[in-house]
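One structure is given below, encoded as C-alpha cells.
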Amino acid sequence: MRNLQTVIAADAAGDSATFSLEGGWTLRLVALEPWHLRVVLAPNSGLPDSRTWMVAPEGETPWEGRDREDRSGFSCPPLRLDGAGPWTVSAGDWRVVVASDPVRMNVERRHADGTFVRVRTDRESGAYVLAERGAKLRHCVRRDLADRIFGLGDKTGPVDRTGRRFRLLQLDALGYDAEIGDPLYKHVPFWIERNAAGESIGVFHDTLTPMTVDFGCERSNYHGLYRYAEMEEPGLDLHLLAGPTVADVVRRFTTLTGRPHLGPRWSFGFAFTSMHHADDPQAQTKIAEFADRCRAERIPISSIHFGSGYSSRGKRRYVFTWNRDKFPDPAALFAKLRAIELPTVANLKPVLIDDHPDFAEIAAAGGFIKGPEGAPVLEQFWDGHGAFLDFTNPATVRWWQDRLAKQVLDPGFTAGWNDNNEYEVWREGATSTGFGTPMPAERSRPLHALLMTRATFERTRAREPDKRPFTVTRAGPPGIQRYAQTWTGDNDTSWHTLRWNIRNALSLSLSGMAHVGHDIGGFSGPRPDPELLTRFVELMALHPRALMNSWKPSYGVTEPWTHPEAVDDIRSALVQRYRFLPLLYTLAHRAQRTGDPIIAPLFWAYEHDAETFEDHDAFLLGSDVLVAPVVEPGARAKTVYLPAGPEAWVDLATGIAHPAGSTVTVPAPLGRVPAFARVGAALMLARGLPETRPHDAPARNLLVVVGAGGGEGGGEHIDDDGESNAYRAGAFLHLGVATAWEAASVRVRLTRLGGDWPVPDDIAITVLGGGDRTVEVEITP
C-alpha cells in the first residue's frame, strides 16, 4: 500500500479546482450547490465507470445511467482557488485547504455567524492510500472521540455507528443477528458525521462497488485516531453535503438521490403474506380462507401479498409461471379478493432456474449475467441453480416487463414485490452488459436491484397510468426510495430482534428510505409466543410498513390468530394503527415533498438535547409523537426518556402530562404501544373503522394536545383520494391547524394551505392534557 504523496500543479475554472498528483492521478473539487461539494480522485484512466444511477437531482436518471459530469439540476456556484501550497478552495458554504506531502484536505463549513467550522480533516500521515497495485483505494480521515456517525442503510446495532466496522455488500442474510450481523441486504454508502460542536455533514460515496467502512475499530500507533472508507476499485467519487443539522443533511441527500415515492393509501395499512400459504398444496383455498378469517376475527387488513409458491414446482421457483395444481382458478381467487377490496402483491425473483421454460430464450438474447466465456453464470438459488437476469440489457428489461404484465398484472395481481434481488454472483470475471459498456458483476450487484425495482414500478404504472404504482424491494442502493417501500429482510423471531430491528429501521430512515418496516413476528426461527407476537404487532402499528410474514418449516405459519388468547390484543394494536393512518399518510406526503423520514430517532427533532443521542428503545413518528415499544418479555410497564423542548409530553392512553427532559415509567398493557404527544401537537386521526378498505376511514378526529396554562401549537393534515395522481393537479386538501389555549378554553383554526378539496365541517375535536375546556373552532375555506 502507498499514499498519494505530492501535488504537482493546481488550477481552477468555473465551478471546479483541479490538482495534478503524481502517477497521473487527479484530485478535483466541484461546487454543485452552496451546500454541496463533490470530490473526485481518479487515476489517469478516469473513474471505473463514467455513469451514475444514484445521483438524480432532477428526480430520475436515464436507464443507461447519468453522466457523472452532468451538471443539470445543480446551481454550480463559482469556486475560487487561492495560495500556492497549501491551497485554499472556497465555494458556497465550503472552505477546503488542500496540502501536499502527503495529499490531504481540511474541510470547513461556513457557520451562520460567518465564521468557518472544521467539519472533516484528512489523516495527516496519509489520507489516500492505494492498495493491491492500485486496484483499491482507502480514504482515511482523522477521528475525534466525540464524533458520532449515523446512516449506512439497514446496518445492525445502535443508530450511532461510532466504533463499528461494516462491509457494504448485498447478501441474502436469512435469520441475521439484528445487533451485530453484517453484511445485510442493501448497499448504502452514505452516512452522517456529527462533531462535538454539533455540526453535521453528509458523506456519500457514489459507487456501486463493495466497500469496507471503519468508524473506529482499527487503530495504529503511527497514525493516531482515524476512520476510513475502502472502495474495491481505483477511484473516489465523494459528495459532501452540509448541515448543520442531521435533518438538513437527510433532506439534502434525498434532494440528491430522489424523494421517496408516495404509494397508494392501501400500502400503509396492515398486510399479510406467508410462504406457507402459497406453498401449500391447496394454496388457493388457503389464501381465500385467510381473507375470510380476517373478516370473522375482525382483523383490519388492507392487502395480501403472495409468496413465490404460486410459481413453484416442488421446491423450485419459476418466476412468471403459475402452478395450476395449487391455483386451479386464479381468476376466481382474484375476483373474491377484489369483491372485498383487498389488493394483492406478487413475489418476484430475478433468477431463472436452469430448466425454466424461458431460460434458453433469455440466454440467446444475452439476458443473463455472463462468465468470462460468455455463457450465463449459474449460481445456487433456493433448491437449484439458476442465472441472474441482467437488467443492464434493454432486452431483459423488455422481457421482464412483458412477463410482468401477462403473468402477474393481467391475471389479477395489483403489484409486484421484488425479492431475493441481492445478486449474489460470485464467479470471478462475471460481467453485466452495462447498456453497451460491460461492468464487472461485483460492481453492478446493487444496480440490478435498483433497475429490477424500477422495471416493476414503471410497468405497473404503465398498466394503470392514472393510479399510483406500488412496489417493494428487499435490496438496492440509494435511489430505490424513488420507486418502492423496503424492509429489513428475513429477520429472526426473538426479543433480541424486536429490540434491535427498531434501530435497523431508524438507520434506513436517516438514509433517505422513509417507507420501512420489518416482518411482524419474525420471518425465520421459532414460532413467536403470544406475548412476543403481540409486541411485534405493537411495534409495527406505528411504522410506515406493517406486514406479517414468516417461514417456519418446523413450526408452521404465523397468523394474527396463531394464539387465540392474543387475538384481542393484536386486533387492538392494529386498530391503533388505522387510527393513526391519516397521520402516517400526511407524513408520507411530507416525505415526498421534503425528504423527511416518517419515523426517526429522538434527536431528529430535538438535537439540542444531548440525551436524545443515546441509545433508546423508542422513536419519533414525525416530530410530534414519541413511540416507546415494549421489547422485554413479561414487562407491563415502559421506562422512556422524553426529550427536552416542549412544555411536556402527554401519554396518549391516559392523558397524563409528563415533564419534558425527564425519564418516566408508564403502564404498557398488551395490545397498546406506549405513545406520547408533545404539548402543542395537533394530530388528525381516524375515527370509525369500515370493514372493507379500513385505510380509507372517512371520519376524522382532531386530537389537540394542550398544556396546563396558556400556549399555542399546531400541525398539518393532507388528504386525497388515496390512489390516483389527481393530487398533483390540485385534487387534495392540505389543511393547516393552529391552536391556542388558556386555562378554560381552546381555540382551533383550520386553514386550507393547498389543494381544492373542501375543508370538512364534521371533524370531531378532542382535547388532551388540559382537563375540561370549552372549544372554539374557526374554519377558513
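The values are calculated or read from the model by the stated rules, or taken from the named source; none is laboratory data. This structure is a prediction, so every number in the text was calculated from the model and none was measured. Ideal geometry is used to build each Cβ from the backbone, glycine not excepted, and the neighbour counts take in all protein chains shown. When the accessible area is computed, the model is the full protein with side chains, heavy atoms only, and any ligands, DNA or RNA have been set aside. Shrake-Rupley method; radii C 1.70, N 1.55, O 1.52, S 1.80 Å.
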Counting other Cβ atoms within 10 Å, keep those with at most 16, restrict to DSSP loop, and tell me which GluC sites (Glu not before Pro) in region 21-113 are left. E58, E60, E64, E69
Theoretical gain in end-to-end length, E428 to T774 [0.36 nm per residue, Cα-Cα removed]: 117.2 nm
Taking all protein chains as present, what is the carbon and sulfur share of the accessible area of region 490-560, in % to the nearest whole number, probe 1.4 Å? 53 percent
Would you compute, from DSSP H runs of 4+ residues alone, the mean residue ellipticity of the chain at 222 nm, taking -39500 (n - 2.57) per run and dividing by the full residue count, rounded to the nearest 500? -5500 deg cm²/dmol
DSSP-loop GluC sites (Glu not before Pro) across region 322-405, with at most 13 other Cβ within 10 angstrom: E373
Computed FRET efficiency, Cβ-Cβ of S220 and E179, R0 30 Å: what is it to the nearest 0.05? 0.65
For a Förster distance of 45 Å, can you work out the FRET efficiency between the beta-carbons of T639 and A731, rounded to the nearest 0.05? 0.50
Quick check: pseudo-label points 7 Å beyond the Cα along Cα→Cβ at D756 and D466, how many nm apart are they? 1.6 nm
Please enumerate, by chain and number, the aspartates and glutamates with C-alpha under 17 Å from the C-alpha of K326, excluding those fewer than 8 residues away in the same chain. D279, D280, E289
Computed FRET efficiency, Cβ-Cβ of R71 and A405, R0 45 Å: what is it to the nearest 0.05? 0.75
Label points 7 Å out from Cα along the Cβ direction at A332 and D113: separation in nm? 7.7 nm
In range of the label at E297: residues from region 563-588 whose backbone nitrogen is under 20 Å from the point 7 Å along Cα→Cβ: 563-579
Rolling a 1.4 angstrom probe over the protein heavy atoms, how many square angstrom per residue are accessible across region 644-772? 40 Å²
Over the Cα atoms of the chain, what is the Rg over Rh ratio if Rh follows Kirkwood? 0.97
Set of region 113-128 residues, backbone N closer than 11 Å to the point 7 Å along the Cα-Cβ line of R2: none
Using a simple spin-label model with points 7 Å from Cα along the Cα→Cβ vector, what separation in nm is obtained for A364 and D11? 5.4 nm
How large is the accessible surface per residue of region 510-570, computed with a 1.4 Å probe and reported in Å² as a whole number? 23 Å²
Please calculate how many Å² of accessible area region 281-421 carries per residue, with a 1.4 Å probe and no DNA, RNA or ligand atoms counted. 37 Å²
Enumerate the residues in region 713-751 having an amide nitrogen under 15 Å from the point lying 7 Å beyond the Cα of E341 toward its Cβ. 720-724
Carbon plus sulfur fraction of accessible area for region 336-448, probe 1.4 Å, in percent: 52 percent
With a 1.4 Å probe and all protein chains left in place, how much of the accessible area of region 636-720 comes from carbon and sulfur atoms, in whole percent? 52 percent
